[in-house]
Amino acid sequence: MKHTEILLVEDDYLDVESVKRTLKKNNVSHKLHVAHNGVDAIEMLTKDEKRIIPNVILLDINMPKMNGIEFLGIIKSYYSLKNIQIFIITTSAEEYDKMATSNLGISGYILKPLDLKNKKSDDTEKLLSLLTQ
Amino acid sequence: MTIRFQLFTGFIILILIFVIDFFVNQGLSNQVIKNTTYISSSESVIRNSNILHKDMIEMQSGYRGFLLTGQIAFLQPYYEGLRTVPPLMKEQRKLLSTPQQKYILDSINLLHSQWVEYSNSLIKSRLDTLAGSKKYIELFNAKFRKQVGKHLNDRIHQAFLALDNSEYKIRREKRAALQNALYKTRVLTLSLTITSIIVALLSSFYFIQVITSRISKMVRQAQTISNGQFVVIEDKKKDELNQLAISLNTMSETLQKNFNDLTKKNTELDQFAYVVSHDLKAPMRGIANIISWIEEDHSHELSTDLYKNLMLIKGRTIRLENMINGLLEYARVDKVRRGAEITNINQLLKEIIDLHVPPGYGINIIGEMPVFKTEKIHIQQVFSNLISNAVKYNNNQQPKIVITCEEKKEHYIFSVSDNGPGIEEQYFDKIFVIFQTLQERDAFESTGVGLAIVKKIIDDYKGTISIKSEPDHGSTFSFTWPKSIA
């Protein structure tokens with residue numbers, strides 16, 4: 001995919017750095033946008049002046065202002081954002097988080113830290129193949 | 001009304017009935033005795049009456065014989081009668097019971113006195129005649145010929161008949177009264193006995209109803225409480241048992257409240273442990289990330305000492321992460337209950353052994369392993385921790401693991417044995433406490449969570465776990481597992 005762009009929605013600086021490094025290690029050189037919470041991310045996706053159109057969103061759940069689940073609820077109502085593949089990247093292995101997100105049209109649920117070489121997770125492999133096409 | 005008072009009243013009623021019975025019987029038997037005494041004295045009245053009458057008749061015939069013959073020998077019964085009649089009269093008067101009879105007797109006495117006076121004058125004159133007097137002929141003609149004596153005698157005879165008849169009549173009446181008294185005694189005694197039996201039976205039934213049924217209700221309540229269901233019962237009577245019922249209900253409610261509080265506290269504690277360990281993970285992982293980035297990007301710039309210290313920090317971070325993961329796992333144990341499913345223990349053991357036991361181990365599963373319905377994930381966790389411990393700490397050249405199963409009425413006893421270093425008895429309790437390890441962490445990396453989780457799961461199923469071990473002779477962990485989950 002030639003014009004692949006990634007939006008990382010993550011509040012923790014270290015986690016942002018961690019994702020950047022992982023992508024770099026796996027030779028993923030697509031443009032990476034970073035939003036530090038759900039509100040910023042919605043703005044970036046919808047406000048005209050600085051609008052971005054990513055193919056993939058990497059979404060944290062626990063964030064200030066607007067968490068990942070609330071973000072997903074809002075995104076759903078935008079027809080134009082329907083084709084974006086959204087992957088949850090979280091520390092929460094909780095059943096109720098998995099349940100809450102599975103109904104919101106996500107493409108995968110990946111546990112932190114993001115490790116694209118982890119062969120045990122189908123969702124990770126799915127993300128890797130998407131990014132290295 | 002208190003039970004004490006009711007019991008007391010019941011007994012008082014019974015005692016009253018017996019007292020009434022006693023006095024009524026006493027009265028009736030007095031009557032019987034009186035009537036019996038009368039009947040026997042009546043016999044004497046009739047006998048005396050006959051003797052009196054006979055004595056008088058003998059006096060009369062003796063007197064007549066003397067008048068006709070003039071022989072003095074005929075007067076012997078007459079004089080005898082004069083002597084015997086007065087005391088007999090006296091005795092008879094005492095025996096008679098009614099004034100009417102006494103009147104008759106008095107009239108007899110009067111008539112007899114008149115006759116004695118009359119006869120005496122004739123006898124005297126007759127004796128004088130024998131001595132030559134003429135007065136007898138005048139008297140004989142004036143009195144004997146006019147049958148004065150006969151009239152007197154007839155009247156005496158009639159009076160005696162009347163006396164006897166009245167006596168017979170009274171005797172009949174008394175006999176009837178005696179019969180009646182005896183009959184009354186029987187009827188009264190019988191009815192009082194029946195009444196007291198009925199009262200006793202009724203009060204027994206009442207007390208059985210009031211006390212026994214309520215006591216068994218409370219016994220059932222206590223049993224239900226001991227089974228962990230804190231029920232209350234309804235008891236509206238105001239007595240001593242009601243006090244017991246109120247106490248039982250209060251106890252049940254207090255237990256329920258405390259139990260709820262405890263459950264809530266335990267849940268809160270687990271949630272606390274979970275949240276704390278979950279939130280601790282993020283900054284800790286951040287530190288680990290920074291260290292690995294320094295290692296990746298700057299290792300050539302670092303001095304040997306700095307690098308060594310950096311690696312120490314890295315080691316401690318890994319240990320901290322392991323401990324947090326252990327704590328998380330421990331806190332999660334009973335949060336997840338997926339429901340019972342048919343579990344094949346033999347199959348489950350094979351999977352665990354494939355995962356945790358390296359080749360070269362002697363594995364011996366002794367006896368038939370059961371297939372039963374239970375919470376698979378939990379028994380799997382118990383076996384998994386025990387078997388991985390048996391591998392982890394085993395330093396024997398020929399390591400072995402033995403697994404056994406014994407079936408009991410309501411549970412199984414499983415055991416996992418190894419031929420590892422063994423544990424000293426003084427540490428038996430310590431090893432089940434979270435984060436407790438028997439070796440220095442620097443020498444042997446272990447979180448000390450595994451056995452704590454095992455214990456927590458087994459406690460959750462109200463089972464027991466025990467350990468048998470001697471240093472250098474291996475260890476055996478035995479635990480019970482219920483056949484069915486409540």
note = For region B:247-317, the Debye formula with one identical point scatterer on each Cα and no solvent gives log10 I(q)/I(0) at q = 0.25 Å⁻¹ as -1.02
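To the nearest 20 Debye, how big is the dipole of chain B about its Cα centre, given +1 on the beta carbon of each Lys and Arg and -1 on that of each Asp and Glu?
Charge dipole of chain B: 5780 debye, to the nearest 20.
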remark   = With a Förster distance of 56 angstrom and the Cβ-Cβ distance between B:Ser216 and B:Gln426, calculated FRET efficiency to the nearest 0.05 equals 0.65
ask   = Relative to the longest principal axis of chain B, what angle (0 to 90°, nearest 10) does the C-alpha long axis of helix B:3-69 take?
value = 10
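Counting only Cα atoms, I'd like the Rg/Rh figure for chain A, Kirkwood definition for Rh. Walk me through the numbers before you get to the answer.
Values: Rg = 13.7 Å, Rh = 14.8 Å.
So for chain A, dividing Rg by the Kirkwood Rh gives 0.92.
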inquiry  = Per residue, how much accessible surface does chain A expose to a 1.4 Å probe? Answer in Å², no decimals.
reply    = 55
key: Summed residue charge, Cβ within 13 Å of B:Gln221's Cβ, Lys/Arg positive, Asp/Glu negative   = 0
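When the dipole is taken about the Cα centre of chain A, and only Lys, Arg (+1) and Asp, Glu (-1) are charged at their Cβ, what size is it in debye, to the nearest 20? Mind dumping the intermediate values first?
Values: 18 positive and 19 negative charges, 124 e Å.
For this selection, approximately 600 debye.
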key: Alpha carbon convex hull of region B:136-230, projected area averaged over orientations, nm²   = 9.5
key: Area buried, chain B against chain A - accessible surface, total, 1.4 angstrom probe, square angstrom   = 1100
message = Given the options A:Ile110, A:Met66, A:Thr90, identify the residue whose Cα lies farthest towards the positive end of the charge dipole of chain A (+1 on Cβ of Lys, Arg; -1 on Cβ of Asp, Glu).
response = A:Ile110
remark   = Rounded to whole Å², per residue accessible area for region B:3-201 with a 1.4 Å probe reads 62
inquiry  = On the Cα set of the protein assembly as shown, report Rg and Dmax in Å, please.
reply    = 63.1, 202
ask   = Helix B:213-226 versus the longest principal axis of chain B: what is the Cα-based angle in degrees, 0 to 90, to the nearest 10?
value = 10
request  = Please identify which residues in region B:42-67 have an amide N closer than 20 Å to a label point set 7 Å out from the Cα of B:Lys150, following the Cα→Cβ vector.
outcome  = B:56-67
query = For region B:381-431, which chymotrypsin sites (Phe, Trp or Tyr not before Pro) are both in a DSSP coil and crowded by at most 16 other Cβ atoms within 10 Å?
reply = B:Phe428
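In debye, nearest 20, what is the charge dipole magnitude of the protein assembly as shown about its Cα centre with +1 on Lys and Arg Cβ and -1 on Asp and Glu Cβ, if you could check? Each step should come with its number before you reach the end.
Working: 77 positive and 69 negative charges, 1294 e Å.
Dipole about the Cα centre, nearest 20: 6220 debye.
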query = When the helix-only estimate is applied to chain A (DSSP H runs of n ≥ 4, each -39,500 (n - 2.57), divided by the residue count), what is the mean residue ellipticity at 222 nm, nearest 500 deg cm²/dmol?
reply = -10500 deg cm²/dmol
message = Averaged over its residues, how many other protein chain Cβ atoms are within 10 Å of peptide A:112-120's Cβ atoms?
response = 1
remark   = Taking Cα pairs closer than 8 Å and at least 6 residues apart, the relative contact order of chain A in percent is 23
request  = Using only alpha carbon pairs under 8 Å that are at least six residues apart, calculate the relative contact order of region B:308-462 and give it in whole percent.
outcome  = 25
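What is the average number of partner chain Cβ atoms found within 10 Å of a Cβ in B:280-293? All intermediate terms of the calculation are to be shown ahead of the outcome.
On the way: counts 0, 2, 6, 2, 0, 7, 6, 1, 3, 6, 3, 0, 3, 4.
The shielding value for this peptide is 3.
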query = Mind listing the Cα extents of chain B along all three principal axes, in Å, largest one first?
reply = 201, 44, 39
query = What is the gain in length, in nm to one decimal, between A:Glu17 and A:Lys31 on full extension, counting 0.36 nm per residue of separation less the C-alpha to C-alpha distance?
reply = 3.6 nm
remark   = Expressed in angstrom and rounded, the centroid-to-centroid distance over alpha carbons for region B:403-419 and region B:164-230 is 65
query = Quick one: helix B:450-460 against the long Cα principal axis of chain B, what's the angle to the nearest 10°, folded into 0 to 90?
reply = 30
message = At 1.4 Å probe size, with the rest of the protein present, what percent of the exposed accessible area of region A:48-133 is carbon and sulfur atoms?
response = 51
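Whenever you get a sec, compute what percent of the accessible area on region B:233-335 sits on carbon and sulfur atoms (1.4 Å probe). Could you put the intermediate results ahead of the total?
On the way: 4130 of 6660 Å².
Solvent-exposed carbon and sulfur of region B:233-335 make up 62 percent of the total.
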request  = With label points built 7 Å along Cα→Cβ from the Cα atoms of B:Ser107 and B:Phe272, find their separation and express it in nm.
outcome  = 12.2
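Per residue, how much accessible area does region B:315-455 show when a 1.4 Å probe rolls over the protein heavy atoms, in square angstrom?
On the way: 7640 Å² over 141 residues.
With the other protein chains kept in place, region B:315-455 gives 54 Å² per residue.
The values are calculated or read from the model by the stated rules, or taken from the named source; none is laboratory data. Note that the structure is predicted; figures quoted are calculated from it, not measured. Don't worry about glycine lacking a Cβ; one is built from the backbone with ideal geometry, like all the others, and counts go over all protein chains shown. In case anyone asks, the SASA skips ligands and DNA or RNA and just uses the protein heavy atoms, side chains included. Shrake-Rupley method; radii C 1.70, N 1.55, O 1.52, S 1.80 Å.
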